1. Could you give me the residue pairs with C-beta distances under 7 Å whose first residue belongs to the range 139-153 and is under 16 Å from THR76 (Cβ atoms), whose second residue is at pLDDT below 95 and charged (D, E, K, R) wherever it lies, and which are 6+ apart or on separate chains?
2. Search the range 126-150 for residues being in contact with a Ser or Thr (Cβ under 8 Å, 6 or more places away or on another chain) and aromatic (Phe, Trp, Tyr), and hand back the single one that is nearest to TYR208 (Cα to Cα).
3. Determine, yes or no, whether ARG108 is of a type in the set (Lys, Arg), surrounded by 15 or more Cβ atoms within 10 Å (Cβ to Cβ) and under 20 Å from GLU61 (Cα atoms).
4. Which of (1) in contact with a Ser or Thr (Cβ under 9 Å, 6 or more places away or on another chain); (2) open to solvent by less than 20 Å² (accessible area, probe 1.4 Å); (3) under 24 Å from ALA187 (Cα atoms) does PHE63 not meet, given it meets every other one?
5. Name the one entry in GLY177, GLY162, GLY204 that is closer than 23 Å to MET95 by Cβ and either surrounded by fewer than 21 Cβ atoms within 10 Å (Cβ to Cβ) or modelled with pLDDT of 95 or more (or both).
6. Since LYS148 meets every condition but one in (1) closer than 20 Å to MET216 by Cα; (2) at pLDDT below 95; (3) charged (D, E, K, R), which condition does it not meet?
Amino acid sequence: MESKTAIIAGASGLIGKSLTQLLLNSKDYGQVIALVRKPLGIQHDKLKELTVNFDHLAEMEEFPQADDIFCTLGTTIKNAGSQDAFYKVDFTYPMELAKRALRSGASRFFLVSAMGAKLNSRNFYSRVKGELEDKISFLNYRTIYIFKPSLLRGDRKENRPGEKFAQAITRIVPFIGPWKKYRPIHADKVADAMMKVAQQEDKGCYFYQSEIMQKM
């Protein structure tokens with residue numbers, strides 16, 4: 001089978017770091033292009049880093065061609081500084097990436113969203129995620145995969161006290177019955193699920209809930 005080219009946006013993030021290594025180690029991909037703001041500090045024959053300004057992604061004249069696009073971009077309202085800044089990172093950037101890559105011939109789009117994402121949610125975070133899922137799902141990709149993890153576990157670069165507290169509490173809470181879907185999931189597990197799904201030959205739009213990824 002001919003090796004494919006993958007593009008990843010968000011390679012320095014919690015899921016992105018793990019996913020990048022899996023892509024580089026995969027026999028299915030001959031080249032992995034990371035869209036970055038600054039160097040990742042990774043040396044690999046397959047890896048090509050392309051420094052981009054995500055604010056001007058739509059105007060890029062020479063956008064790289066790839067088969068599969070992996071988007072793990074995301075932030076928090078606190079880190080972004082405002083709701084408008086959060087919206088730009090969590091909606092505008094992924095949406096422009098999806099549209100630009102589609103024009104360059106990409107056939108599959110892999111999006112990391114979030115549990116609870118809902119178009120008409122009263123929660124701003126969930127509503128933005130839901131809006132992105134809705135808009136992405138109507139793009140003319142052969143296949144779209146949307147992953148909806150619960151609270152992420154893993155070692156982040158930035159300090160998120162609230163998230164650390166939540167992780168500590170969830171370690172002692174029994175996630176049984178209807179509460180199973182809220183069990184925290186490690187970022188490595190999400191990346192692994194994305195790679196397993198990438199081996200499938202599907203057409204259409206598919207959603208993977210956190211509970212399903214836990215079992216993969």
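The values are calculated or read from the model by the stated rules, or taken from the named source; none is laboratory data. Predicted model, so just to flag it, every value in this text is computed and none were measured. Cβ atoms come from the backbone with ideal geometry, glycine included; neighbour counts cover every protein chain shown. Note: accessible area is taken over every heavy atom of the protein model, side chains too, but ligands, DNA and RNA are not part of it. Shrake-Rupley method; radii C 1.70, N 1.55, O 1.52, S 1.80 Å.
1. Listed pairs, sorted by first residue: SER150/LYS181; SER150/ARG183.
2. Here is the first cut: in the range 126-150, the residues in contact with a Ser or Thr (Cβ under 8 Å, 6 or more places away or on another chain) are 127, 129-130, 132-133, 141-144, 146-150.
Narrowing further to those that are aromatic (Phe, Trp, Tyr): 141, 147.
Numbers: TYR141: 17, PHE147: 5 Å.
Residue satisfying both the conditions and the ranking: PHE147.
3. Working: of a type in the set (Lys, Arg): yes; surrounded by 15 or more Cβ atoms within 10 Å (Cβ to Cβ): yes; under 20 Å from GLU61 (Cα atoms): no.
Taking the combined requirement at face value, the residue does not satisfy it.
4. (3)
5. Working: GLY177 fails: closer than 23 Å to MET95 by Cβ; GLY162 fails: closer than 23 Å to MET95 by Cβ.
Of GLY177, GLY162, GLY204, the one residue that is closer than 23 Å to MET95 by Cβ and either surrounded by fewer than 21 Cβ atoms within 10 Å (Cβ to Cβ) or modelled with pLDDT of 95 or more (or both) is GLY204.
6. (2)
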